Amino acid sequence: MRPFAIACGLLLAACSTTPAGTGRIAPQANFHYADLRLDDPAAQDILVVRVREAALSYCREHAAVVTPHHRRTEAGYCPASIRAQLLWAMPPEVRRAYDQGWSRSDRRMR
């Protein structure tokens with residue numbers, strides 16, 4: 001399986017990190033997509049769920065570190081920020097599949 005992971009990205013400066021050379025790695029949000037047929041609508045919907053779950057899982061552990069103090073009362077701030085970074089870092093074919101799944105899920109919410 002191809003895992004997909006990002007480090008804190010633009011938020012890396014806000015992440016709790018250890019000095020260089022200590023062997024510690026910055027926290028990552030990750031999800032898998034290699035088992036999905038990216039042209040299949042059902043798989044695209046699964047991809048949307050996996051990205052959402054990756055962002056939520058990351059934020060359960062690291063929200064206090066990556067969320068600015070004045071935004072900590074906004075429950076959706078951290079997941080939305082991490083989701084945006086995951087989207088930015090996705091290979092084009094994964095992003096297209098995600099966008100198609102997101103478009104369908106967005107219509108279902110209305």
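Readers should treat all values here as calculations from the given coordinates under stated rules, not as data from a laboratory. The shown structure was predicted, so the numbers you read here are calculated from the model rather than taken from an experiment.
Converting phi to 3J(HN,Hα) with the Karplus coefficients 6.51, -1.76 and 1.60 and the offset θ = phi - 60°, segment 81-88 yields 5, 5, 4, 4, 5, 4, 4, 4 Hz in sequence order, with x at every glycine or proline. Using θ = phi - 60° in the Karplus curve 6.51 cos²θ - 1.76 cosθ + 1.60, the 3J(HN,Hα) couplings for segment 41-47 round to x, 5, 5, 5, 5, 5, 4 Hz; x is entered for Gly and Pro. Please list, in chain and number order, the residues 5+ apart from Ala29 or on another chain whose amide H is under 5 Å from its amide H, with Hs placed from the backbone. Sorted by chain and number, the residues that satisfy this are Ile6. The amide H of Leu36, built 1.01 Å from its N in the peptide plane, has no neighbour under 5 Å, considering only residues 5 or more places off or on other chains.
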